[in-house]
Structure formats: C-alpha cells, structure tokens
Amino acid sequence: MSRLLLQGASRDSYAAARETLATLVQAASTDLLELADQLFAVTEVLDREGALRRALTNPARSGDARAELARAVFGERFAGAAQDLVVWAVRARWSAPRDLPNALELLAVEAVVAAAEKAGRLDALEDELFRVGRIVAGNPDLRTALADRSAPVEQRTALLQDLLAGKVTDETLRLVRQAVAAPRGRHFDRTIDMYGEVAAERRSRRVALVAAAVPLTEEQRERLTAALQQLYGHEVHLNVEIDPDLIGGVRVELGDEVIDGSILTRLHEARRRLIR
C-alpha cells in the first residue's frame with residue numbers, strides 16, 4: 001500500500017499475505033480479534049528489536065531458517081492463525097527490514113476490520129474512526145496528552161476510553177487503544193486516518209474527505225457520491241467535516257487529488273488575478 005511506501009518485493013509479499021489473511025477470515029474457527037492482538041504484539045517486538053527484524057528479513061538466510069527463528073522467538077506469543085500468517089510473512093521477501101512490521105500492522109488492522117464486517121459494523125467503524133481522528137486533531141491539549149510518552153500507556157488510553165466508552169463499537173475502541181499505545185512514530189490522528197483507509201479498502205472503496213461550509217443534505221451527499229464514483233470508477237465513501245471558513249461550496253480531497261469548489265478559493269483566485 002502506497003501509504004507505507006511498500007515497493008518491489010515488499011508490495012508483492014504484502015499482497016500475497018493479504019490473500020493468506022483472506023483465507024483465515026473465511027475460516028469459522030479464526031478468532032479475528034485474537035489474531036489482530038497477536039499480530040500487533042509481533043509488530044511491537046519487531047519495532048523494538050532491530051537485529052531480530054533484520055534476521056527475519058535477511059535474504060541470505062533460507063525461508064525455513066527464518067521461519068524457525070520466528071517460531072523460537074514468538075512461540076509463546078502466537079498460535080494457530082497468527083503463527084501461520086507470521087511464518088508465511090517471514091518466509092517471503094521484503095525490500096527493507098522495516099517493511100515486515102509495517103505489513104504485519106496493516107494485516108492486524110485488516111483483521112479487526114474483517115471482524116467488524118462480520119458483525120455488520122463496518123460502516124460504523126469507518127465513520128467512528130473518522131470522527132475520533134477529527135476530535136483529536138481539533139483538540140491540541142488532548143493530542144499533546146495522547147502523544148506524551150512519559151505518561152503511562154494506561155493513563156493515555158484511559159483519556160479516550162472515558163470519552164468513547166459506550167459511544168463506539170468494540171472494534172473502534174480496540175483500534176483507538178492501539179493507536180495510542182503503539183503510534184510507531186506517527187501522530188495519533190495520522191494513525192487513525194490510516195486505519196480508516198484500511199477499513200474503506202476492505203470494501204474496495206475510496207475515501208473522500210469533504211469540507212463544506214454547512215452540513216450537506218442527504219440528497220447533496222448522494223449527488224456528490226455519484227459524481228465522484230463516476231469520475232474515479234470506484235465506490236466512494238464520504239467523510240464530511242464542516243469548515244465555516246469556506247463561506248460556501250465544498251472542497252473534496254481524494255488521495256492526492258483536491259477538487260476545490262469553495263467560494264473562499266474562488267475569491268483567492270480572483271484576488272490573485274487582480275494583483276498580477
């Protein structure tokens with residue numbers, strides 16, 4: 001996935017690992033949330049232990065040797081589905097050692113997303129992750145508190161636990177806690193946005209961030225969704241946030257592209273032309 005800059009062999013290995021995960025998701029015996037917890041735990045160890053990360057991705061070692069090392073190190077941390085997936089991953093080729101934990105993190109998130117989908121809560125998960133990300137991004141004090149690594153993890157996660165308890169799905173709460181406990185060098189809201197992208201991609205949808213001066217009506221949302229889907233040839237999910245500074249119109253961000261139809265932008269453009 002481009003958001004983690006997986007290239008070459010790593011991109012191919014990650015795509016194959018997703019197929020392995022898809023098989024595990026279909027198995028009724030797979031506990032997806034337990035699988036996610038175990039993959040997150042392995043990711044944390046690999047982030048911390050650089051020598052182990054390099055040994056498990058070293059192309060000079062055979063796939064069997066790397067698999068045996070993974071079993072020896074993580075034998076007590078995983079079993080069943082998690083072991084199958086991690087062993088498969090360390091047998092694969094990775095362009096850089098860091099790509100292995102990056103891929104395992106994404107697989108863990110996708111396992112949580114798949115659990116939400118099976119429970120009929122995927123739409124809720126997407127919307128809740130978006131809202132949580134915006135809440136934190138708009139509250140500098142909360143954002144700073146969540147990023148304070150000198151404070152115990154339990155204290156930081158309790159901040160959002162108290163705020164969200166009973167208001168979001170179990171899957172959302174699980175991913176929020178993970179984003180606080182193991183940010184992996186990212187800001188909280190960036191991590192939550194990434195998790196939301198995984199949820200959207202689960203349904204082969206693209207996420208459009210829409211900034212509007214006033215709330216959109218249901219009809220406006222439907223028309224905008226239809227127009228974007230026709231333009232991009234993909235199903236599109238809208239995340240709408242209100243920005244009164246726009247005065248009127250909307251601004252749409254979809255991936256790296258921006259479609260700006262706001263009055264504010266048109267005024268800036270008119271002013272720019274006048275002072276040329």
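Here, each number is a calculation from the coordinates, and none is a lab measurement. Keep in mind the model is a prediction, meaning the values are calculated, not measured. Note: ideal-geometry Cβ built from the backbone for every residue, glycine included; neighbour counts use all protein chains shown.
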Original post:
Among Val45, Leu107, Ser10, whose Cα sits farthest toward the positive end of the charge dipole of the chain (+1 at Cβ of Lys/Arg, -1 at Cβ of Asp/Glu, about the Cα centre)?
Top reply: Ser10
Original post:
Assigning unit charges at the beta carbon (Lys, Arg +1; Asp, Glu -1) and nothing else, what dipole magnitude in debye, to the nearest 20, does segment 1-118 show about its Cα centre?
Top reply: 480
Original post:
Along the charge dipole of the chain, which of Leu246, Gly166, Gln220 sits closest to the positive end, that is, farthest toward it, with unit charges on the beta carbon of Lys, Arg, Asp and Glu (+1, +1, -1, -1)?
Top reply: Leu246
Subject >> Debye, to nearest 20: dipole size of segment 23-83, +1 on Lys, Arg Cβ, -1 on Asp, Glu Cβ >> reply: 340
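Which FRET efficiency value, to the nearest 0.05, do you get for Ala151 and Val45 by plugging their Cβ-Cβ distance into 1/(1 + (r/R0)^6) with R0 = 30 Å?
Values: r = 22 Å, r/R0 = 0.75.
Plugging the Cβ-Cβ distance into 1/(1 + (r/R0)^6) gives 0.85.
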Subject >> Paramagnetic reach from Arg221 (point 7 Å along Cα→Cβ, amide N under 18 Å) across segment 128-168 >> reply: 128-135, 168
**OP:** Specify the inter-centroid distance of segment 221-250 and segment 119-163, based on alpha-carbon positions, in whole Å.
**Re:** 25
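Test of understanding: what is the full-extension gain from Ile135 to Ala79, defined as 0.36 nm times their sequence separation minus their Cα-Cα distance?
Values: separation 56, 0.36 × 56 = 20.16 nm, distance 3.69 nm.
Contour length minus Cα-Cα distance gives 16.5 nm.
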Subject >> Net charge contributed by nearby residues that have their C-beta within less than 14 Å of Ile242 (K/R +1, D/E -1) >> reply: +1
Original post:
Once a ≥ b ≥ c are taken as the square roots of the eigenvalues of the Cα gyration tensor of segment 88-200, is the result rounded (a/c under 1.5), prolate (a/b larger than b/c) or oblate (a/b not larger than b/c)?
Top reply: oblate
**OP:** Please give the contour-minus-distance gain from Asp245 to Arg143: 0.36 nm per residue of separation, less the Cα-Cα distance, rounded to one decimal in nm.
**Re:** 34.4 nm
Original post:
How far apart, in nm, are the 7 Å Cα→Cβ label points at Glu257 and Asp31?
Top reply: 4.4
Subject >> Between segment 59-94 and segment 200-220, the alpha-carbon center distance in angstrom >> reply: 40
Subject >> Efficiency of FRET from Cβ geometry, Arg91 and Gln7, R₀ 22 Å, rounded to 0.05 >> reply: 0.70
Original post:
Relative to the Cα centre, what is the charge dipole magnitude of the chain, using +1 at the beta carbon of each Lys and Arg, -1 at the beta carbon of each Asp and Glu, and rounding to the nearest 20 debye?
Top reply: 940
Original post:
Considering only Leu24, Trp94, Ala79, whose Cα is most displaced toward the positive end of the charge dipole of segment 16-137, charges sitting on Cβ of Lys, Arg (+1) and Asp, Glu (-1)?
Top reply: Trp94
**OP:** Out of all DSSP beta bridges with both ends in the chain, state the antiparallel percent to the nearest 5.
**Re:** 55
Original post:
Per residue Cα convex hull volume for the chain, in cubic angstrom?
Top reply: 174
